[in-house]
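J.: Got a structure here, written out as structure tokens. Questions coming.
The values are calculated or read from the model by the stated rules, or taken from the named source; none is laboratory data. All values derive from a computational prediction rather than experimental measurement. Here Cβ is always computed from backbone atoms with ideal geometry, including for glycine, and neighbour counts include all displayed protein chains. For accessibility, only protein heavy atoms count, side chains too; no ligands or nucleic acids. Shrake-Rupley method; radii C 1.70, N 1.55, O 1.52, S 1.80 Å.
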Amino acid sequence: MSLFANQPSSVPVPPIPASSAAASRAALTGDDVRRAVALAGRIRARFAHTLVGQEALRESLIVTMTAGGHILIESVPGLAKTTAAQTLATSVSGTFKRVQCTPDLMPSDLVGTQVFDFATQKFATQIGPIHANFVLLDEINRSNAKTQSAMLEAMAEGATTIGGERIPLPRPFMVIATQNPIEEEGTYNLPEAQMDRFTMKAVMTYPSAEEEAGVLRLLTERGSDTADMDALDQERISVRDVEFLRAAARRVHVSEAIMGYAVDLAATTRGAGTHPLQGLSSLVRLGASPRASIALVRVGQAGALLAGRDYVVPEDLKRYAHEVLRHRIMLTFEAMADGVTADQVIDDVVRTVPVP
């Protein structure tokens, strides 16, 4: 059911000029696309050994990695958030670190610090766990504001600062964060600027009865409640493979019509766009930033590549619109009191904005 009345077309979205740099890039070959699909298939096969169901989360994780972004996973306890994150992170033969966030976690515990070496009478830099290809920040909303700012710098700049020295993070670099939405004690809500740095926000739901029974069968067959990631080494891909996926995704063709569609989706959440929604201001106090339209295009390119295409179609953007936009839309207090969710607003935005 729509939250808004239908509105006539009003403010046109200006065409986006074609980039000369994009035009000069080499087009993807059929071999490139087939290689990308095969690599994604190997990662999916690894998930089959560790996770039952949750196909949407699996695809969101793989697409986010291919798009070169970061992902936030939210769900109540016990839905295998950490297992899903570990499965993706350990599917690549790069470095992986897990950080269990707590209120007393300090920035130096995350990024590193300088330690005085009495032998040399000099300070030596000791890097922290954030300096890894894949970093799992478990229960990120339990970390304090100071530590969250260090995370923000790492995610935004691809580097950290220790003792005035700027240290670049390894490439590829990806943050997979989890949070529990139902616990209030000892938690710190992520600020809007931090949330906006995540390319996607995935929300896990309870499994069906069949899927839950499948979980029990999986645990019974392997005789352990935790997956042995080392036993799945034969299905890993290399760091170079991830770099290939990311470079290939950037070469997927995006037409001006698709770029205009991404802009229109994001602009509509701000009360603009070609088909503005009446009464939006009473529900949304802050719409999606231009970073949302960038994320839509990047995710669309990654989704198209993994689907075996070298061009983006509107369905690539629509498929991940909720994951890209839900954490970038701030609802009013009135909307929250009435039980309106960001996903409901996005449903109406996707339904209203015309597909090119």
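J.: Just to verify a number: FRET efficiency for I294 and T29, C-beta to C-beta distance, R0 = 25 Å, to 0.05?
T.: Approximately 0.45, to the nearest 0.05.
J.: Whole number in Å², please: accessible area per residue of the range 34-174, 1.4 Å probe, ligands, DNA and RNA not counted.
T.: About 40 Å² of surface per residue is accessible.
J.: Kindly write out, for the range 128-141 in residue order, the coupling ³J(HN,Hα) from the Karplus curve 6.51 cos²θ - 1.76 cosθ + 1.60 (θ = phi - 60°), rounded to whole Hz, with x marking Gly and Pro.
T.: Taking θ as phi minus 60°, the curve returns x, x, 5, 7, 8, 5, 10, 10, 9, 9, 7, 6, 4, 6 Hz for the range 128-141.
J.: Calculated from DSSP H runs of 4 or more alone, at -39500 (n - 2.57) each and per residue, what is the 222 nm mean residue ellipticity of the chain, nearest 500?
T.: Values: 15 runs with 154 residues, N = 356.
Result for the chain: -13000 deg cm²/dmol, rounded to the nearest 500.
J.: Specify the angular offset, from 0 to 90 degrees and rounded to the nearest 10, of the alpha carbon long axis of helix 209-222 from the longest principal axis of the alpha carbons in the chain.
T.: Helix 209-222 and the main axis of the chain meet at about 20 degrees.
J.: Here is a further query. Which whole-number percentage describes the relative contact order of the range 247-356, with Cα contacts under 8 Å and a sequence gap of 6 or more?
T.: Numbers: 161 pairs, mean separation 38.2, N = 110.
Relative contact order here is 35 percent.
J.: Express as a percent, rounded to the nearest 5, the fraction of DSSP beta bridges in the chain (both residues included) that run antiparallel.
T.: Numbers: 12 of 31 bridges.
Once the DSSP bridges in the chain are tallied, antiparallel ones form about 40 percent.
J.: Follow-up question, since we're still on this one. Would you kindly find the accessible area of E157, with a 1.4 Å probe and non-protein molecules such as ligands, DNA and RNA excluded, rounding to the nearest 10 Å²?
T.: Accessible area, nearest 10 Å²: 100 Å².
J.: Rounded to the nearest 10 degrees, what's the angle between the helix 239-250 long axis and the longest principal axis of the chain, both from Cα atoms, 0 to 90?
T.: 10 degrees
J.: Name the residues whose placed amide hydrogens come within less than 5 Å of the amide hydrogen of V284, ignoring near sequence neighbours (fewer than 5 apart) on the same chain.
T.: T332
J.: Another question about this same structure. When the Karplus curve 6.51 cos²θ - 1.76 cosθ + 1.60 is applied with θ = phi - 60°, which whole-Hz ³J(HN,Hα) does each residue of the range 31-44 get, with x for Gly and Pro?
T.: 5, 4, 5, 5, 5, 4, 5, 5, 5, 5, x, 5, 5, 4
J.: I'd like the carbon and sulfur percentage of the solvent accessible area for the range 225-356, probe radius 1.4 Å, heavy atoms only, ligands and nucleic acids excluded.
T.: Answer for the range 225-356 is 53 percent, counting heavy atoms of protein chains only.
J.: Using alpha carbon centroids, what distance separates the range 64-119 and the range 325-349, in Å?
T.: Centre-to-centre (Cα) distance: 29 Å.
J.: If the chain between R236 and M330 were fully stretched, how many nm would it gain, using 0.36 nm times the residue separation less the Cα-Cα distance?
T.: 30.0 nm
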